[in-house]
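Bear in mind that the values in this text are calculations on the coordinates, not laboratory data. This one's a predicted model, so the numbers in the text were calculated from it and none came from an experiment. Cβ sites come from the backbone with ideal geometry, for glycine too, and all protein chains shown count toward neighbours.
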Amino acid sequence: MEINILEKSDKEIKVEVVGEDHTFMNALKAALLEDKRVNVATYDIEFPTISDPVLHVMTTSKPIPILKAAAKRLIKQCDKFSDKFGKSIEEKQ
Amino acid sequence: MEIEILEVDDREGRFMLSGSTAAFSNGLRRGMMAEVPTMAIDDVNIYENGSVLFDEQIALRLGLIPLVTDLDSYVLNCDCEEGCTSCQVSMTLNVEGPAVVYSSDLVSSDPNIIPAEDKIPIVELKSGQKLYVEVVARLGLGKNHAKWQPVVACGYKNKPVITITECDGCGECVEVCPKGILSIDESTNKVTVSDEIECSLCKLCEKACYLDGIHAGSKEDVFIFRYESDGSLPADKIPLLAVKQLREKAEQFIEGLK
């Protein structure tokens, strides 16, 4: 996944996530908002068919570790889902 | 996060996901529709088309036939330039009229990659008409074309909760409920709910109750998913494949930030 950092400071970041759409961006945004260090997390797809989403996050500390932590939380959710779904299917059969 | 499988067979699935968020559920739904690769006919060489349909109509009808997909033997983004045995399957179709051309007339070079349904009509040929085509099937994603979608009618709703605070057993709500999930309990003369998750939240019962004693709401963190497979992949595998794609995206995002 190609990521272009458009703007970056100690408490704010704007990144363009190339080739993604609402599927990943909305889940990531929700994971970011679970973090107390995040004040603002949102994304914008300027033109639906041709633009890449731009993620805009405002935080109280350095933003990149916060982004990574949010993605890790999303991975954990996915793992939990795979685990529980697999087990329930086994029980059903 | 808890998951309860309500029903599943090889074509249809229904499960309840509790303790999750709308963002994750929607990611899962979109993932199931657009990010899980399946096989579909992508290139069509028409050698002879004596049928009443135009070449492009035949090609579209062939493309929309769901094919049983083997994700272990084929790769989505192959490095080869001209197509190889690990990224594409060729099939031929040669039928002479009078006959109806069905999906089962496709002869595949790989016995595992075959149409999911035998009796999908492609075109009707009269006597003397002939259809001879050679096609190439490839893996693809639903976000690029609907023919690569593994699911149809995939969606979720919040779990309905019907609360009854006051009831004099008039039976107005029972009559009006289109799902037939309300009934009057003979012993207590009060309304009872039999199959709460079938409720469509139409709220006709609320309107019918003159006591304002019945309320149909929903639980925000419980989701009921329902989906149908088109036959290309088994229904019990599709949610797992979708969540795997979502996980891969999150991993690539972390990788991309480095």
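Quick notes
- One chain, two ends: residue B:219 and residue B:57. Fully extended at 0.36 nm per residue, the span grows by 53.7 nm beyond their Cα-Cα distance.
- Net lengthening on full extension, residue B:192/residue B:152 (0.36 nm per residue, minus Cα-Cα): 11.0 nm
- Listed cross-link partners A:36/A:80; A:84/B:249; B:179/B:203 are compared with a 18 Å cut-off, the Cα-Cα value being larger for A:36/A:80; A:84/B:249.
- Entry note, chain B: the mean residue ellipticity at 222 nm calculated from DSSP H runs of n ≥ 4, each adding -39500 (n - 2.57), is -6000 deg cm²/dmol after division by the residues and rounding to the nearest 500.
- Taking all Cα pairs closer than 8 Å and separated by 6 or more residues, the relative contact order of region B:38-144 comes to 42 percent.
- Packing around the peptides B:224-232, B:202-210, B:188-196, B:142-150, taken as the average count of other Cβ atoms within 10 Å per residue, puts them in this order, highest first: B:224-232, B:142-150, B:202-210, B:188-196.
- Look at the alpha carbon pairs under 8 Å that are at least 6 residues apart: their mean separation over the length of chain A gives a relative contact order of 28 percent.
- Using alpha-carbon coordinates, inclination of helix B:238-257 to the longest axis of chain B, degrees: 80
- Full extension of the chain between residue B:14 and residue B:79 yields a length gain of 19.7 nm, computed as 0.36 nm times the residue separation minus the alpha carbon distance.
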